[in-house]
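All of the numbers you see were taken from the coordinates with simple rules; none came from a lab. Just so we're clear, the structure is a prediction, and the values are computed from it rather than from any experiment. Neighbour counts run over all protein chains shown; Cβ positions are idealised from the backbone, glycine included.
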């Protein structure tokens, strides 16, 4: 049994355990497996062969803006670890802005976040709500397309006119879908779409996974 097989077995046993817990498996410093349980929606994802990722969700479908502040907290923590000096974010619910943070030294410096699900297709979440579980195996290209579609869902003049995007950090919530935040997927997105993303007019675009190490800026090449 190789390391990945061992991880698959361990992550399978972990799903459903009461109390919050997570496990991340890396190879050559890149994430190839992740599982998390205990917050109402258990999730697990594994890189199968370098070309596909299988993932499963079990439990409740996320409701409304329930996870929005947590997503912003993960991103602010990531920014601070990159050298930033930002206060804990607060919910604001102001137009298209869901959360904001201010600089600890310069209070007038702010980051304003618009949060959207990294998989904007309602069918996934409806299926989870109806059946209590959903599982898929997707190739890297289709996962990259999922991210692009989530960005496009906000990068249009009906949702956020381009003139209004400056000063807004578009934040894709992948906390329940760690498959979208694996290194392999982000690298593929970056090589194909980072220039496109940088031209949309947002202050920046981030994908936020379940922890800081799975949180990435999408509008720059990695």
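Brief remarks on what is shown
- Restricted to the stretch 121-169, and to residues there that are touching a strand residue (DSSP E or B) at 6+ places or on another chain (Cβ under 6 Å) and in a helix (DSSP H, G or I), the residue that is surrounded by the fewest Cβ atoms within 10 Å (Cβ to Cβ) is 127.
- Under the condition of being touching a strand residue (DSSP E or B) at 6+ places or on another chain (Cβ under 8 Å) and either surrounded by 22 or more Cβ atoms within 10 Å (Cβ to Cβ) or not in a loop (DSSP other than H, G, I, E, B) (or both), the residues counted in the stretch 16-57 number 26.
- Verdict on residue 175 being farther than 24 Å from residue 109 by Cβ, part of a helix (DSSP H, G or I) and touching a residue at least 60 places away in the same chain (Cβ under 8 Å): no
Yes or no, residue by residue, for (1) free of Cβ contacts under 8 Å to residues at least 40 places away in the same chain; (2) over 18 Å from residue 206 (Cα atoms):
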| site | (1), (2) |
| --- | --- |
| 96 | no, no |
| 101 | yes, no |
| 107 | yes, yes |
| 116 | no, no |
| 127 | yes, yes |
| 141 | no, yes |
| 145 | yes, no |
| 156 | yes, no |
| 160 | no, no |
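- So residue 194, is it surrounded by fewer than 17 Cβ atoms within 10 Å (Cβ to Cβ) and farther than 14 Å from residue 143 by Cβ: no
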